[in-house]
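Undergrad: Please find one structure pasted underneath; my questions will follow.
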Amino acid sequence: MDKVTVGRRKAAVARATVKAGKGSILINGKDYKDYFPEAYLQHKVEAPLKVSELEGSLDVSINVFGGGVKGQAEAISLAIARSIIVTNEDKRPALKKEKLLRRDARVVERKKTGLRKARKREQYSKR
């Protein structure tokens, strides 16, 4: 049950460990409500546990780094969902239906030389 699973989103990487317990969620040693004060990010972290009906029965410990708060929350959600699958394979259909096992591979496009950003150009001047 102490298998570490990885979730990634944009530049964020999250490693989650799930074990039987009272339902605490720790992110980098802090409670997840302190780490993510915004409610919509807390819901993203809780989503895999709610869908699999395991909230309150698992202790989740997460180490996350890189990226911004939204990318970290989505990486954590994927890592928790993968941990649940490792411990309890019959929860896969419910998590898959809610698209919580899907890795969102979209990342920021690199800046090109001669341009202001990835695609933005200098304003054209005819004269």
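Undergrad: Which numbered condition trips up Ala39, out of (1) of a type outside the set (Lys, Arg); (2) open to solvent by less than 50 Å² (accessible area, probe 1.4 Å); (3) under 18 Å from the mean Cα position of the chain (by Cα)?
TA: Every listed condition holds for Ala39 apart from (2).
Undergrad: If I go through segment 43-73 residue by residue, how many of them are within 18 Å of Asp31 (Cβ to Cβ), within 11 Å of the chain's Cα centre (by Cα) and in a helix (DSSP H, G or I)?
TA: Result for segment 43-73: 8.
Undergrad: Moving to a separate point now. Within segment 74-87, identify whether any single residue is within 20 Å of Val4 (Cα to Cα) and among the basic types (Lys, Arg), and answer yes or no.
TA: Yes, segment 74-87 has at least one match.
Undergrad: Restricting the search to segment 85-127, which residues are among the aliphatic types (A, V, I, L, M) and either within 30 Å of Val45 (Cα to Cα) or open to solvent by 100 Å² or more (accessible area, probe 1.4 Å) (or both)?
TA: Ile85, Val86, Ala94, Leu95, Leu100, Leu101, Ala105, Val107, Val108 - these are the residues of segment 85-127 that are among the aliphatic types (A, V, I, L, M) and either within 30 Å of Val45 (Cα to Cα) or open to solvent by 100 Å² or more (accessible area, probe 1.4 Å) (or both).
Undergrad: Can you tell me which residue within segment 19-36, out of those that are at pLDDT 90 or above and closer than 16 Å to Ser83 by Cβ, is surrounded by the most Cβ atoms within 10 Å (Cβ to Cβ)?
TA: In this case the residue turns out to be Ile25.
Undergrad: Within segment 88-97, is there a residue that is of a type in the set (A, V, I, L, M, F, W, C) and touching a residue at least 12 places away in the same chain (Cβ under 8 Å)?
TA: For segment 88-97, residues of a type in the set (A, V, I, L, M, F, W, C) and touching a residue at least 12 places away in the same chain (Cβ under 8 Å): present.
Undergrad: Do you know which residues across segment 1-39 are within 12 Å of Ala73 (Cα to Cα), assigned to a loop (DSSP other than H, G, I, E, B) and of a type outside the set (Lys, Arg)?
TA: Ala11, Phe36, Pro37, Glu38
Undergrad: Please specify each residue of segment 45-70 satisfying the condition of being open to solvent by 10 Å² or more (accessible area, probe 1.4 Å) and under 17 Å from Ala11 (Cα atoms).
TA: If the condition is that a residue be open to solvent by 10 Å² or more (accessible area, probe 1.4 Å) and under 17 Å from Ala11 (Cα atoms), then Asn63, Phe65, Gly66, Gly67, Gly68, Val69, Lys70 are the ones that fit.
The values are calculated or read from the model by the stated rules, or taken from the named source; none is laboratory data. Owing to the predicted nature of the structure, the values given are computational and were not obtained by experimental measurement. Every residue, glycine as well, gets a Cβ built from its backbone with ideal geometry; the counts of neighbours run over all protein chains shown. Quick note on the areas: whole protein, heavy atoms, side chains included, nothing else; ligands and nucleic acids left out. Shrake-Rupley method; radii C 1.70, N 1.55, O 1.52, S 1.80 Å.
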